[in-house]
Amino acid sequence: MGIKGLTKLLADNAPRGMKEQKFESYFGRKIAIDASMSIYQFLIVVGRSGTEMLTNEAGETTSHLVGMFSRTIRLLEAGIKPVYVFDGKPPDLKKQELAKRYSRREDATDDLAKATEIGNKEDIEKFSKRTVKVTPQHNDDCKKLLRLMGVPVVEAPSEAEAQCAALCKAEKVYAVASEDMDSLTFGASRFLRHLMDPSSKKIPVMEFDISQILEELELSMDQFIDLCILCGCDYCDSIRGIGPQTALKLVRQHGSMESILENINKERYQIPDDWPYEEARRLFKEPLVTDDEQTELKWAAPDEEGLINFLVKENGFNIDRVTKAVEKIKTAKTKSSQGRYELLSKNLLMVNDVGKNCHSLNFFKS
DNA sequence: ATTCTGTCTCAAGACGAA
DNA sequence: CCCTCTTGAGACAGAAT
DNA sequence: TTAGTCC
């Protein structure tokens, strides 16, 4: 669920922290992506009609592979270096939320059974989408595919979004691309939305800059985290009667959650019993992530033979499509290995934020 | 009369031929 | 032992100020 | 731009 209403709150109160960018301006950039979210979308939409999906000869779903394969090629061709981050075990505080989602899926499964019995096509379509879930098998398939393509895979110990943000903070990647606003709360310095939306949709990439946002809101990062908890996050309930607007007002007025809790009218606002805001805060501020300085992210050459084995022989892909794709990856790789620096100095690449970032020593690194 | 919250519903890819 | 893992936006009703 | 296919 991310943070409720945060996009609108930022659009209204910190517009300078968000700016539109062209897809092309991310040439040569390393970008961290939450894999589960992508896989989920592919399972819902790729090749689905009714309960039918794309499958291999054994009848196993391949929608996630088809989607992941073509999307990753698209990114590589644009000179973007993607890092896919996979979820580990969710934190205990999220269990409640996950239980709700589980029961919602159960409901949808029942609804689907009824619709199938009656034969209502629209309902079958609708409910079957709601029963979709990402399994460990889907994740393993995609990890294998990405490694064969030469794209780095990171396995997060816990939340993928938190791991993405950590990579960004450590300047191992330039930005986190996601549709989930949690990324900002986890402290990603740069956060991109709509990176994957095709240009035909005419939606520009929206880049969020956390330091700019904090400056404009006149909040510290700790205060921003308290703000997000008040708005409503996955880790604990929000307080009835407090939404984004009042949350911002309260944080600005009192400065911290402790002070807010001391000062607000407890008659009007009922604080839940044993409200675990401190633990939620800790999960955002110090999430469980791996931070091995040694491991360098590497974009290797694709393993053509391995890809043909996996995609064509095991999963029924068209062989021409795969061999053509391998060529695309190779040429994209030589082009982008030339790097951002050469292209910038030859004026082959136009970006509008050069001046702002040039002072950073790590400008060309990520 | 607004402003705000809570709840419910929907929609979510990508390629290439025509 | 079970099972484990995505979400934002918009419309609308109704409460609070 | 749009309807069909990808497996």
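The values are calculated or read from the model by the stated rules, or taken from the named source; none is laboratory data. Predicted model only: the values in this text are computed from it and were never measured. Don't worry about glycine lacking a Cβ; one is built from the backbone with ideal geometry, like all the others, and counts go over all protein chains shown. Please note that ligands, DNA and RNA were not included when accessible areas were found on the heavy atoms of the full protein model with its side chains. Shrake-Rupley method; radii C 1.70, N 1.55, O 1.52, S 1.80 Å.
Compute the FRET efficiency between residue A:261 and residue A:240 as 1/(1 + (r/R0)^6), taking r as their Cβ-Cβ distance and R0 = 22 Å, and round to the nearest 0.05. Walk me through the intermediate numbers first.
Working: r = 15 Å, r/R0 = 0.66.
Efficiency for this residue pair is about 0.90.
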Region A:79-138: C-alpha gyration tensor shape, a/c 1.5 cut-off, then a/b vs b/c:
oblate
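Taking the Cβ-Cβ separation of residue A:291 and residue A:147 as r and a Förster radius of 30 Å, what is the calculated FRET efficiency to the nearest 0.05? Before the final figure, lay out each step's value.
Working: r = 22 Å, r/R0 = 0.72.
Efficiency, rounded to the nearest 0.05: 0.90.
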Counting Lys and Arg as +1 and Asp and Glu as -1, each charge on the Cβ, what is the dipole of chain A about the Cα centre in debye, to the nearest 20?
1260
Could the peptides A:132-140, A:81-89, A:177-185 be put in order, highest first, of the mean number of other beta-carbon atoms found within 10 Å of their residues?
A:177-185, A:81-89, A:132-140
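Express the Stokes-Einstein translational diffusion coefficient of chain A in µm² s⁻¹, to the nearest whole number, given a Kirkwood radius over alpha-carbon pairs, 37 °C and a viscosity of 0.692 mPa s. Write out the running numbers ahead of the final one.
Numbers: Rh = 22.4 Å.
It comes out at roughly 147 µm²/s.
Please give me, ordered by residue number, the trypsin sites (Lys or Arg not before Pro) of region A:222-323 that lie in loop per DSSP and have at most 14 other Cβ atoms within 10 Å.
Of the trypsin sites (Lys or Arg not before Pro), the ones in loops of region A:222-323 whose Cβ has at most 14 other Cβ atoms within 10 Å are A:240, A:266, A:268, A:298.
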Cα lying deepest toward the dipole's positive end in region A:1-217, options A:44, A:5, A:217, charges on Cβ:
A:217
Two pseudo-spin positions, 7 Å from Cα along C-beta at residue A:20 and at residue A:301, lie apart in nanometres by 4.2
Highest first, please rank the peptides A:233-239, A:223-229 by the mean number of other Cβ atoms sitting within 10 Å of their residues.
A:223-229, A:233-239
Subtract the Cα-Cα distance of residue A:215 and residue A:77 from 0.36 nm times their separation in residues, and report this length gain in nm to one decimal.
46.1 nm
Euclidean distance between Cα centres, region A:45-76 to region A:153-221, Å
26
For region A:1-157, the charge dipole (Cβ of Lys, Arg +1; Cβ of Asp, Glu -1; about the Cα centre) points to a positive end, and the Cα of A:115, A:88, A:138 closest to that extreme belongs to A:88
Would you mind checking region A:203-238 for residues with the amide N under 19 Å from a putative spin-label position 7 Å along Cα→C-beta of residue A:92?
A:234-237
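Over region A:1-116, what percent of the accessible surface lies on carbon and sulfur atoms, probe 1.4 Å?
Values: 2920 of 5630 Å².
Carbon and sulfur atoms account for 52 percent of the accessible area of region A:1-116.
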What shape does region A:1-217 take by its C-alpha gyration tensor, where a ≥ b ≥ c are the square roots of the eigenvalues and a/c under 1.5 counts as rounded, a/b above b/c as prolate, and the rest as oblate?
prolate
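So which of A:81/A:328; A:4/A:94; A:144/A:313; A:30/A:298; A:144/A:335; A:172/A:328 end up more than 20 Å apart, counting from Cα to Cα? List each step's numbers first, then the result.
Working: A:81/A:328 14 Å; A:4/A:94 16 Å; A:144/A:313 15 Å; A:30/A:298 10 Å; A:144/A:335 25 Å; A:172/A:328 25 Å.
Long pairs (Cα-Cα over 20 Å): A:144/A:335; A:172/A:328.
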For region A:234-245, Karplus couplings with θ = phi - 60° (6.51, -1.76, 1.60), whole Hz, Gly/Pro x
6, 8, 7, 4, 8, 8, 4, x, 10, x, x, 4
